[in-house]
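Colleague: Handing you a structure now.
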Amino acid sequence: MSGAERRTAHRYVLGDLSIEINGVRHETVNISARSVAVIARPDIDYANLRGQVRFVSGGVAELNRDIVSLIVTGLRRSMAIFDYAVNDPAWEVLLKRYDAANDTPVLEDIFG
């Protein structure tokens, strides 16, 4: 996925979704169907990751998924950004269903 595609992809915010990298949980900042931003930890070399990687949710079991591919595409002081893949054609449907923005009430003009 190119940078432009990554920026235009719809992003979701899931409050209870983490990435577990070799047993270490990383809180997600936002996620699209093919890229994810996580809060980086200073003690991890993200450019040279090896081992087991998966999505973990304590509250929504159907979001628990093995990640079959994880490629670092950006590193900032407090954030790591990855392209990823899961083996689930309905993955984006799940992301949309549990997106925190779906619970946001529509504002109403009470003065209009």
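Colleague: In the P(r) worked out for region 2-98, what percent of Cα pairs fall beyond 15 Å?
Modeller: Taking all Cα-Cα pairs of region 2-98, the fraction more than 15 Å apart is 58 percent.
Colleague: Give me the compactness ratio for region 57-96, meaning the Cα radius of gyration over 2.2 N^0.38 Å.
Modeller: 1.36
Colleague: Here's another thing I want to ask about it. Ordered by packing density, taken as the mean number of other Cβ atoms within 10 Å over each peptide's residues, highest first, how do 31-39, 53-61, 15-23 rank?
Modeller: In decreasing order of mean packing, 31-39, 53-61, 15-23 become 31-39, 15-23, 53-61.
Colleague: Apply the Karplus parameterisation 6.51 cos²θ - 1.76 cosθ + 1.60, with θ equal to phi minus 60°, to every residue of region 73-81 and state each ³J(HN,Hα) to the nearest whole Hz, in sequence, with x for glycine and proline.
Modeller: Per-residue couplings from phi come out as 10, x, 10, 10, 3, 10, 9, 10, 10 Hz.
Colleague: Please name which of 10, 70, 44 has its Cα lying farthest along the dipole of region 2-87 towards the positive end, using unit charges on Cβ (Lys, Arg +1; Asp, Glu -1) and the Cα centre as origin.
Modeller: 10
Colleague: So for the pair residue 73, residue 54, with labels modelled 7 Å out along Cα→Cβ, what separation do we get in nm?
Modeller: Rounded to a tenth, the inter-label distance reads 2.5 nm.
No lab work stands behind these numbers, since they all come straight from the coordinates. These numbers were taken from a predicted model, which means no experiment stands behind them. All Cβ positions, even for glycine, are placed from backbone atoms using ideal geometry, and neighbour counts span all protein chains on display.
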